[in-house]
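Structure record follows, encoded as structure tokens.
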Amino acid sequence: MKKYLPAAAAVVAVLAAAAAFATPAAATAAGAASSATGVPHVTSASTALTAAPSSVRVVASGERVDGGDGWTVWLTEEGKYWSGPDGYENFRSVVDGNVDLSRPGVSHQSEGSAAGVFHSGLYYGTKKVGKVVLTGTDGTKTTAALLELPGRPGWGVWYAHTGPENDGGAAVALYDRNGRLLAELPGWNA
């Protein structure tokens, strides 16, 4: 029995080290039993907003990403595209003059039903994004998935799923890699 003890201790040490470097988005995705695609879902209201390494997924221009529950997201140099289960495509430009890439900011679009809401938007004005967090009207926090084109263009896309919002929309906050708040949008009924 004693000969297996050092090996077991080594495995525990490796697992502890890996857990220390896990990002909140990864922990959320790993903990969501209904999230076979790794799409962030609702986390508890007590989720800490600690600093974490950036968990930005770099994608090729036009590469379609499965956003879960029938949603698809993709980026081009012109902006963010998304489509829902109905197949209808939407677009949010980063080159039409309505987004100031020189200052940190975040946008928010959402579509949903009584089953839940798909949220997405742009984050911009930073090359050191850490995370985007949605806060529901009930205080529930959800960490979004982040997508960006190669070369750190200073903008990217975030997306997440939440439960249905009956009395207003979620607030959205953009944080840098050190956990510092860069920009926020209040909820619709705030």
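The values are calculated or read from the model by the stated rules, or taken from the named source; none is laboratory data. Please read all numbers here as calculations on a predicted model, not as lab measurements. Every residue, glycine as well, gets a Cβ built from its backbone with ideal geometry; the counts of neighbours run over all protein chains shown. For the accessible areas, the whole protein counts, side chains as well, though only heavy atoms, and no ligand, DNA or RNA atoms are used. Shrake-Rupley method; radii C 1.70, N 1.55, O 1.52, S 1.80 Å.
Of the residues that sit in segment 134-150 and are farther than 22 Å from Trp82 by Cβ and not charged (D, E, K, R), which one is surrounded by the fewest Cβ atoms within 10 Å (Cβ to Cβ)?
Gly139
Could you look through segment 94-128, keep only residues that are polar (S, T, N, Q), within 22 Å of Tyr175 (Cα to Cα) and not in a loop (DSSP other than H, G, I, E, B), and pick out the one that is modelled with the highest pLDDT?
So, considering only residues that are polar (S, T, N, Q), within 22 Å of Tyr175 (Cα to Cα) and not in a loop (DSSP other than H, G, I, E, B), the one modelled with the highest pLDDT is Ser120.
Gly179 is checked against (1) open to solvent by 30 Å² or more (accessible area, probe 1.4 Å); (2) among the small types (Gly, Ala, Ser); (3) at pLDDT 90 or above and fails just one. What number does that condition carry?
Status for Gly179: all satisfied but (1).
Could you grab me the full set of residues in segment 92-108 that are crowded, with 19+ Cβ neighbours inside 10 Å and either at positive phi or among the aliphatic types (A, V, I, L, M) (or both)?
Correct list: Val94, Val106.
Would you tally the residues in segment 114-159 being in contact with a Gly (Cβ under 6 Å, 6 or more places away or on another chain) and small (Gly, Ala, Ser)?
Residues in segment 114-159 being in contact with a Gly (Cβ under 6 Å, 6 or more places away or on another chain) and small (Gly, Ala, Ser): 2 in total.
Given the conditions (1) within 16 Å of Glu111 (Cβ to Cβ); (2) surrounded by 24 or more Cβ atoms within 10 Å (Cβ to Cβ), and given that Lys131 satisfies all but one, which numbered condition is not satisfied?
(1)
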